[in-house]
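These notes are about the structure you will find just below.
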Amino acid sequence: MEPKYKRILLKLSGEALAGDKKFGLNYDVITDICRSIKKCADLGVQIGIVVGGGNFWRGRESGGMDRTRADHMGMLATTINALAIADVLESLGVEVRVQTAITMQQVAEPYIRNRAIRHLEKHRVVIFGCGTGNPFFSTDTAAALRAVEIEAEVFFKATMVDGVYDKDPHRYPDAVKYETLTYSEVLAKGLAVMDSTAATLCKDNGMSMLVFNMERPDNIYDAIMGQDVGTLIKEN
């Protein structure tokens with residue numbers, strides 16, 4: 001079977017990398033995720049990854065700290081995660097490049113769009129750290145931005161639930177899952193799948209998004225193969 005998509009942007013939450021530990025890095029979990037990514041890369045799929053930093057730092061829970069400084073700390077947390085994922089992928093034989101939106105040349109390449117696309121064309125997985133490099137923007141917005149910039153066919157958002165619901169399925173047993181949505185509906189209903197900036201960016205640039213559960217890592221592979229996974233969001 002041929003993959004449905006040739007170039008994707010995958011957003012991984014930092015919390016997903018912690019597994020049951022809820023903090024830090026769980027290498028068993030990361031290895032399972034990376035094995036699924038490798039299966040996709042072995043099919044020739046070009047993969048960009050944006051990773052969050054919530055397993056180390058959540059700026060919105062930083063109390064009275066200056067928001068800009070708190071967000072910069074979060075960007076550094078994403079870099080730790082990006083390097084961890086790169087290390088595991090490389091141990092599995094996958095060629096990887098890490099690019100960061102804040103310059104730290106001893107650690108990673110600076111983010112340069114054309115260089116990132118060239119890496120993808122050479123079938124290197126590219127991991128984008130530091131979000132957008134600006135405070136007040138979430139890593140969801142960074143993922144939407146990178147998806148548009150690298151001309152991905154789809155934005156995969158791997159979460160801790162198996163799609164988008166009308167309310168929190170962990171708290172409400174009667175929550176109803178959506179099979180498909182438009183970004184206009186996401187914004188109008190105030191659904192908590194992503195922040196409004198990310199949703200608007202995807203909407204305005206015609207970027208489709210697939211939201212699915214990361215607790216089963218092979219959902220990444222299944223989604224790339226076009227199987228019915230999660231909730232598809234796109235503007236009609």
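Residues with beta-carbon under 11 Å from that of ASP218, excluding ASP218: net charge, scoring Lys, Arg +1 and Asp, Glu -1?
That works out to 0.
Restricting the count to DSSP beta bridges whose residues both fall in the chain, what percent are antiparallel, rounded to a multiple of 5?
That works out to approximately 15 percent antiparallel.
Compare the peptides 189-201, 137-149, 30-42 by average per-residue count of other Cβ atoms within 10 angstrom and give them in order, highest first.
137-149, 30-42, 189-201
Rank these for me by crowding, ILE150, ILE233, going from fewest to most other beta carbons within 10 Å.
ILE150, ILE233
Over what distance in Å are the Cα centres of region 180-214 and region 50-124 separated?
Taking the Cα centre of region 50-124 as reference, the centre of region 180-214 is 23 Å away.
If you wrap the chain's Cα atoms in a convex hull and average its projection over all directions, what's the area in nm²?
So the mean shadow area of the Cα hull is 12.6 nm².
Show me 220-230, 126-136 ranked by packing, highest mean number of other Cβ atoms within 10 Å first.
Going from most to least packed, we get 126-136, 220-230.
If neighbour count is taken as other Cβ atoms inside 10 Å, put LYS167, LYS234 in order from fewest to most.
With the fewest neighbours first, LYS167, LYS234 line up as LYS167, LYS234.
Can you give the calculated 222 nm mean residue ellipticity of the chain, where each DSSP H run of n ≥ 4 adds -39,500 (n - 2.57) and the sum is split over every residue, rounded to the nearest 500 deg cm²/dmol?
-11500 deg cm²/dmol
State the number of lysine pairs found in region 7-233 whose Cα atoms come within less than 23 Å, restricting to pairs 8 or more positions apart or on distinct chains.
Lysine pairs, 8 or more places apart or on different chains, close enough: 27.
What ranking do 16-28, 152-164 get when scored by the average of other Cβ atoms within 10 Å per residue, highest first?
152-164, 16-28
Only the coordinates and a few stated rules stand behind these numbers; no lab work does. Small disclaimer: the values here were computed from a predicted structure and weren't measured. FYI the Cβ positions are ideal-geometry reconstructions off the backbone, even for glycines, and counts take in every protein chain you see.
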